[in-house]
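Student: Encoded as structure tokens, here's the structure I'll be asking about.
The values are calculated or read from the model by the stated rules, or taken from the named source; none is laboratory data. The shown structure was predicted, so the numbers you read here are calculated from the model rather than taken from an experiment. All Cβ positions, glycine included, derive from the backbone under ideal geometry; neighbour counts span all protein chains shown. Surface accessibility is based on the protein's heavy atoms, side chains included, excluding ligands, DNA and RNA. Shrake-Rupley method; radii C 1.70, N 1.55, O 1.52, S 1.80 Å.
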Amino acid sequence: MSVQARTRTLRNVYKLSRSFATHKAETLAPWQGTSYTGKNVTNYIAGEFKESKADKWIEVRDPSTQTLLSRVPETTEEEFNQAIDAASDAFKTWSRTSVLTRQRFALELQRQIRDNADALATSIVLEQGKTLGDAHGDVLRGLQVVETACGISSNLLGEKIEVTKDMDTETRRLPLGVCASVAPFNFPAMIPLWTIPLAAVTGNTLVLKPSERDPGAAMIIAELCARAGLPPGVLNIVHGTVPTVNRICDHPDIKAISFVGGDRAGKHIYERGRKTGKRVQANLGAKNHAVIMPDANKNLALNSIVGAAFGAAGQRCMALSVAIFIGPAQSWIPELVERAKQLKVNGGFEPGADLGPLISPASKSRVCDLVGSVEKEGGKILLDGRKLQLEGQYKDGNFVGPSIVEATTNMKAYQEEIFGPVLVIVNAETLDDAIAIINENRYGNGTAIFTQGGANARKFENEVNVGQIGINVPIPVPLPMFSWSGNKGSFLGDVSFYGKNGLNFYTQNKTITSLWRAEDAIGSKASVDMPTMR
């Protein structure tokens with residue numbers, strides 16, 4: 001190929017990449033506060049999208065092409081304080097607003113999200129890299145929390161009893177005040193929607209810090225909240241990294257912090273927030289095990305494991321990252337590898353894509369290093385996705401193909417949360433052995449067993465020490481009429497997310513005991529005589 005022809009080819013590839021990213025970005029151009037064409041993301045304070053005066057900016061790049069999408073500010077201290085002041089001022093009126101008014105907000109927000117789900121999903125694919133179908137799932141799981149919040153007029157009922165003659169004791173559930181939410185990159189819509197609707201309908205105000213890696217969905221949600229009738233200041237959005245997080249932990253006006261993310265940040269937020277008297281809920285890392293019994297439905301088990309291990313490129317805190325095959329079921333491993341090989345890795349908008357890229361080049365490097373560590377420690381790499389290379393507009397993407405390794409529990413790949421498309425296989429001879437392995441692991445987010453035996457299932461659910469258990473269900477995330485229940489090293493705090501626990505997290509009880517003696521009543525009959533001065 002001549003130099004001229006090669007140059008034309010490179011220009012065509014670049015043009016294709018630019019036109020592809022630009023086409024998707026153009027559909028999101030009407031949304032305020034964010035950008036998908038290289039411009040700045042704004043703060044959202046007191047109902048306005050305000051340009052930041054930050055001197056530090058963080059680039060947001062499409063992880064499938066490295067196209068620059070936006071620049072996120074490290075919100076200044078002055079801007080942060082403005083957000084807190086706006087939330088504090090709004091709380092004075094919002095907390096006294098009728099519960100029916102707050103309910104109407106949730107009802108309208110539900111409609112707004114449904115009507116604009118495509119925009120939210122498009123934002124997620126561009127910034128986070130999920131496939132379009134998975135991005136819609138991200139939005140839907142958040143929407144379900146909004147739908148549950150619509151029942152607030154019944155769920156917020158207090159209690160009252162006449163404890164003795166003419167003496168009543170009642171309990172009311174009241175808001176806390178200004179609350180904060182720190183969201184992760186892997187669920188840009190769902191996690192903000194775990195907190196915004198519940199904080200709002202219970203009468204609180206909220207300062208949200210979305211991930212600096214993909215803030216677009218949160219900014220769109222802010223605009224949808226305004227359209228749904230949420231008054232200025234009830235929701236505010238700030239951005240940044242450690243300095244912003246520390247301000248959230250330290251500010252005396254913030255009463256509660258909700259966090260979802262990794263171990264290091266979660267422990268820091270929990271400890272620092274608790275020191276200043278805040279209520280804190282923190283969902284941390286995970287290492288979720290699946291147990292495959294010899295009596296399992298083979299097709300269901302293998303398909304479930306492949307989907308739960310490699311969906312979203314493994315970037316889920318509830319991904320199945322360890323598979324324990326029991327006895328004869330170990331003969332199914334070669335077929336599991338073959339099914340994983342059939343998954344299509346591609347850009348999230350591409351038809352038929354099963355998984356997209358990792359969030360960043362650093363994440364890709366870390367995942368590849370952990371896969372490589374298995375061989376160095378004496379394990380086996382059964383499927384190696386490290387050398388996957390896409391062509392054209394995706395040649396610079398953060399792609400890693402599905403990888404399957406066989407390891408022991410003392411190896412690095414088993415001990416650490418990989419957060420990538422890597423499945424660790426551990427073999428065991430009995431169900432008792434499998435339960436022992438799971439219970440010795442420091443994490444307790446989720447686990448699953450695949451079996452057609454009721455006795456196996458009952459033994460597993462009774463003896464395994466993990467908060468969320470699936471029986472022939474690979475990702476047992478509770479729907480929002482229940483509450484999140486991860487345990488052990490996967491959760492810090494006393495009250496968890498959404499459902500009844502979510503309402504408890506965002507409210508405090510006030511108990512009133514009153515005495516009004518019936519015999520103290522005067523004037524049991526109206527007087528019809530001419531009033532006179534006596």
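The rows are residues; the columns are (1) within 20 Å of the chain's Cα centre (by Cα); (2) touching a residue at least 40 places away in the same chain (Cβ under 8 Å); (3) over 18 Å from Gly446 (Cα atoms); (4) assigned to a loop (DSSP other than H, G, I, E, B).
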| site | (1), (2), (3), (4) |
| --- | --- |
| Cys225 | yes, yes, yes, no |
| His239 | yes, yes, yes, yes |
| Ala256 | yes, yes, yes, no |
| Val280 | yes, yes, yes, no |
| Gly285 | yes, yes, no, yes |
| Ala296 | no, yes, yes, yes |
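This table checks each residue for (1) among the polar types (S, T, N, Q); (2) in a loop (DSSP other than H, G, I, E, B); (3) touching a residue at least 12 places away in the same chain (Cβ under 8 Å).
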residue: Phe419; (1), (2), (3): no, yes, yes
residue: Val426; (1), (2), (3): no, no, yes
residue: Ile435; (1), (2), (3): no, no, yes
residue: Ile438; (1), (2), (3): no, no, yes
residue: Ile449; (1), (2), (3): no, no, yes
residue: Gln452; (1), (2), (3): yes, yes, yes
residue: Phe460; (1), (2), (3): no, no, yes
residue: Val466; (1), (2), (3): no, yes, yes
residue: Val473; (1), (2), (3): no, yes, yes
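Student: Now for a different question. Could you tell me whether Gly327 is surrounded by 24 or more Cβ atoms within 10 Å (Cβ to Cβ) and modelled with pLDDT of 95 or more?
Tutor: No, not satisfied.
Yes/no per residue for (1) assigned to a loop (DSSP other than H, G, I, E, B); (2) polar (S, T, N, Q); (3) open to solvent by less than 30 Å² (accessible area, probe 1.4 Å):
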{"position": "Val60", "(1), (2), (3)": "no, no, yes"}
{"position": "Thr65", "(1), (2), (3)": "yes, yes, yes"}
{"position": "Thr75", "(1), (2), (3)": "yes, yes, yes"}
{"position": "Ile84", "(1), (2), (3)": "no, no, yes"}
{"position": "Ala87", "(1), (2), (3)": "no, no, yes"}
{"position": "Phe91", "(1), (2), (3)": "no, no, no"}
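Student: Sticking with this structure for a sec: Which of (1) acidic (Asp, Glu); (2) farther than 16 Å from Leu206 by Cβ; (3) touching a residue at least 60 places away in the same chain (Cβ under 8 Å) is the odd one out, the single condition Glu78 does not satisfy?
Tutor: Going through the list (1) acidic (Asp, Glu); (2) farther than 16 Å from Leu206 by Cβ; (3) touching a residue at least 60 places away in the same chain (Cβ under 8 Å), Glu78 breaks only (3).
Student: Now, a different point. Sort out which residues of region 376-396 are part of a loop (DSSP other than H, G, I, E, B) and open to solvent by less than 80 Å² (accessible area, probe 1.4 Å), and write them in order of number.
Tutor: Gly378, Gly379, Asp384, Gly385, Arg386, Leu388, Leu390, listed by residue number.
Student: Follow-up. Does region 120-135 include one or more residues that are within 26 Å of Tyr506 (Cβ to Cβ) and within 14 Å of the chain's Cα centre (by Cα)?
Tutor: Within region 120-135, one or more residues are within 26 Å of Tyr506 (Cβ to Cβ) and within 14 Å of the chain's Cα centre (by Cα).
Student: Separate question: Residues of region 483-494 being surrounded by fewer than 17 Cβ atoms within 10 Å (Cβ to Cβ) and modelled with pLDDT of 95 or more, which ones?
Tutor: Matches in region 483-494: Asn487, Lys488.
Student: Tell me which residues, restricted to region 321-338, are out of contact with any Ser or Thr (no Cβ under 8 Å at 6 or more places or on another chain) and in a strand (DSSP E or B).
Tutor: If the condition is that a residue be out of contact with any Ser or Thr (no Cβ under 8 Å at 6 or more places or on another chain) and in a strand (DSSP E or B), then Ser321, Val322, Ala323, Ile324, Phe325 are the ones that fit.
Student: For region 102-132, give me the residue count where each residue is under 14 Å from Glu223 (Cα atoms), in contact with a Lys or Arg (Cβ under 9 Å, 6 or more places away or on another chain) and buried (at least 24 other Cβ atoms within 10 Å of the Cβ).
Tutor: Adding up the residues that qualify gives 1.
Student: Check Ile257, Ile196, Ile237 and return the single one that is under 29 Å from Arg104 (Cα atoms) and in contact with a Pro (Cβ under 8 Å, 6 or more places away or on another chain).
Tutor: Only one candidate qualifies: Ile237.
Student: Hey, can you tell me all the residues within region 200-223 that are more than 16 Å from the chain's Cα centre (by Cα), more than 11 Å from Tyr44 (Cβ to Cβ) and not hydrophobic (A, V, I, L, M, F, W, C)?
Tutor: Thr202, Gly203, Asn204, Thr205
Student: Being open to solvent by 60 Å² or more (accessible area, probe 1.4 Å), of a type outside the set (Gly, Ala, Ser) and closer than 21 Å to Arg316 by Cβ is the requirement here; does Asp369 meet it?
Tutor: yes
Student: Would region 385-399 turn up any residue that is small (Gly, Ala, Ser) and within 22 Å of Arg339 (Cα to Cα)?
Tutor: Checking region 385-399: at least one residue is small (Gly, Ala, Ser) and within 22 Å of Arg339 (Cα to Cα).
Student: Counting just the residues of region 27-58 that are hydroxyl-bearing (Ser, Thr, Tyr) and under 28 Å from Gly397 (Cβ atoms), which one comes out surrounded by the most Cβ atoms within 10 Å (Cβ to Cβ)?
Tutor: Among residues in region 27-58 that are hydroxyl-bearing (Ser, Thr, Tyr) and under 28 Å from Gly397 (Cβ atoms), the one surrounded by the most Cβ atoms within 10 Å (Cβ to Cβ) is Thr34.
Student: For Gly454, work out the one condition from (1) small (Gly, Ala, Ser); (2) in contact with a strand residue (DSSP E or B) (Cβ under 7 Å, 6 or more places away or on another chain); (3) within 20 Å of Ile326 (Cα to Cα) it doesn't fulfil.
Tutor: Unmet for Gly454, out of (1) small (Gly, Ala, Ser); (2) in contact with a strand residue (DSSP E or B) (Cβ under 7 Å, 6 or more places away or on another chain); (3) within 20 Å of Ile326 (Cα to Cα): (2).
Student: Can you work out which of the residues in region 52-70 that are closer than 13 Å to Val125 by Cα and not polar (S, T, N, Q) is farthest from the chain's Cα centre (by Cα)?
Tutor: Among those residues, the one meeting the criterion is Leu69.
Student: For region 212-227, how many residues meet the condition of being open to solvent by 10 Å² or more (accessible area, probe 1.4 Å) and small (Gly, Ala, Ser)?
Tutor: Of the residues in region 212-227, 1 are open to solvent by 10 Å² or more (accessible area, probe 1.4 Å) and small (Gly, Ala, Ser).
Student: Here's another thing I want to ask about it. Only one of Lys50, Lys56 is basic (Lys, Arg) and farther than 19 Å from Pro232 by Cβ. Can you tell me which?
Tutor: Lys56
Student: Test of understanding: among Thr37, Thr65, which residue is modelled with pLDDT under 95, touching a helix residue (DSSP H, G or I) at 6+ places or on another chain (Cβ under 6 Å) and not acidic (Asp, Glu)?
Tutor: Checking each option against the conditions leaves just Thr37.
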